[in-house]
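What follows is a set of notes on a single structure, which appears directly below.
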Amino acid sequence: MSPSPVAILGAGPIGLDAALACLDAGVPCTVYEAGESAGAQVRAWGHVRLFTPWDLNVSRRIRGHLSAADHPVPYGDACPTGAELVANLLGPVAELPALRPRIRYRTRVAAVARGGLLKHEQIGTGTRAAAPFTLLLDTPDGEDTAEAGLVLDCTGTYAHPNALGDGGIPAPGERALDDRIIRTLPAFDDPDRWAGTVLLVGAGKSAQTAARELAALPVTRLEWAVRDPRPDWGAIPDDALPGRRELVYSSQALAAGAGARTTVHTGVRVRALRPDGDRVLVRLATAVGERELSVDHVVSLTGYTGDATLYRQLQVHECYATGAPMNLSAALLAASGAGADCLAQPAPGLDQLRTPEAHFFILGAKSYGRLNTFLLRTGYEQVDALFAGGYEWVAEGA
Ligand SMILES: Cc1cc2nc3c(=O)[nH]c(=O)nc-3n(C[C@H](O)[C@H](O)[C@H](O)COP(=O)(O)OP(=O)(O)OC[C@H]3O[C@@H](n4cnc5c(N)ncnc54)[C@H](O)[C@@H]3O)c2cc1C
């Protein structure tokens, strides 16, 4: 296959939307997807119900392409599960006849570079901008390479969980116990699997969802470790999203002692973990000293940050605080702060998406670095911003 001008990394919702934008622009693209099918990471949390309704989860482009193919387009106030998002939206989009041949599944992009140039060479010059990107691919048939003139990194964050130790580094013992620590949101559909005591670490939406589910299991004692001494659980006044509002209520109630078998430890840090036969001994630092808990399961839901090693050889300027691309991070922090309502975020402009590396963009959940306010709607707006100024410059990247 001759090189496509555009390489899209990841067939999640934002990668697929970007691919449709390329089709609309008449610019050939190739989508490289590590998983077996589209929406592989959404599939991993398929049992979770989104708190945003269909009307916020379907882009203008996706709606147009599915309608044109006479495929039903989900709409309305109902909030789908991740599995429903894949079955009713991402799967059908990926199967569109114009898109299907452009997606290479089970193909992981291991690294991206500028052909012929090292990271520190030709800083910001036209020579650098004109050099094609070279991609290292891990495929079912072994390693391969590809070229592209423009690269859109839409690889998400969910495969890269944060550590649970104090300050975000692994707690002593954490790495040795890695295979015993669950770092993605489980389904909790088999109560017996959760018999005994569960240590849950984290306070974001995934941790709150896990706490609500675990607190309802009759065979489970929940010890919930929360770093903030007085968590507000991300409460938003007059929250327009009922699913998010109810999750906050549930966490507030558990913290107030509503769970018969639940203890919420606020203002604590995980100091260390060590194996104790089939169990794990966890040392927590609290305001009044240290305490040790013996638990059967450890669930760490402390957030996710995208894989920056992928573009390590490129001139990407990351924010020193969030890890997001600098311009976008500065705009987000200035506009709303790290904990603000994701519905109230400003729509991104092309300049905010740019990095010093011409023709390389990070889009989707990964573009938010450590900020957890990303919404699908935001990602679709990023694609709008990228393609809004006409398509010539996209093709010129080739
Ligand atoms: C539990 C959970 C609930 C959420 N709920 C909501 C919600 O209610 N509303 C909302 O708007 N947002 C929600 N989000 C946030 C966000 O919208 C989703 O994470 C969304 O899936 C992000 O889309 P994406 O396309 O950026 O990334 P992803 O969906 O993560 O897709 C990335 C794709 O890239 C692939 N990939 C990864 N690495 C590589 C590589 N090196 N090479 C090739 N392919 C690769 C993956 O397999 C995956 O298919 C939620 C997130 C989580 C985790």
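We did not get these values from a lab; they are worked out from the coordinates using the rules stated. Just so it is clear, the model here is predicted, and its values are computed rather than measured. Here the Cβ positions follow ideal geometry from the backbone for every residue, glycine too, while neighbour counts run over all protein chains shown.
Sorting 278-289, 108-119 by their mean Cβ neighbour count within 10 Å, with the most densely packed peptide first, gives 108-119, 278-289. Residue separation of Asp232 and Arg175 scaled by 0.36 nm, minus their Cα-Cα distance, works out to 17.5 nm of gained length. For region 271-284, putting each phi into the Karplus relation 6.51 cos²θ - 1.76 cosθ + 1.60 with θ = phi - 60° gives couplings of 7, 6, 10, 8, x, 9, x, 7, 9, 10, 8, 10, 9, 10 Hz, in residue order, rounded to whole numbers and with x for Gly and Pro. Taken one residue at a time, the phi angles of region 112-127 give Karplus couplings (6.51, -1.76, 1.60, θ = phi - 60°) of 10, 9, 8, x, x, 10, 8, 4, 8, 9, 6, 5, x, 8, x, 4 Hz. Gly and Pro are set to x. Maximal additional length on extending the Asp307-Asp144 stretch stands at 56.7 nm, based on 0.36 nm per residue less the C-alpha distance.
Estimated from the Cβ-Cβ distance and a Förster radius of 25 angstrom, the FRET efficiency linking Arg274 and Ala195 is about 0.70. For the residues Gly234, Gly82, Gly167, a GNM of the chain with alpha-carbon springs under 10 Å puts the largest fluctuation on Gly167. Build a GNM of the chain with springs between Cα atoms under 10 Å apart, and of Phe133, Phe51, Phe188 the one that fluctuates most is Phe188.
Distance between the 7 Å Cα→Cβ label points at Glu318 and Ala78: 4.0 nm. Counting neighbouring Cβ atoms within 10 Å and putting the fewest first, the residues Ser67, Ser294, Ser206 line up as Ser67, Ser294, Ser206. DSSP bridge analysis restricted to the chain gives an antiparallel fraction near 50%, rounded to the nearest 5.
Using only side-chain charges placed at the Cβ, +1 for Lys and Arg and -1 for Asp and Glu, the dipole size of region 166-300 relative to its Cα centre rounds to 280 debye. Here region 255-305 is treated as a Stokes sphere of Kirkwood radius computed over C-alpha pairs; at 4 °C and 1.567 mPa s its diffusion coefficient rounds to 103 µm²/s.
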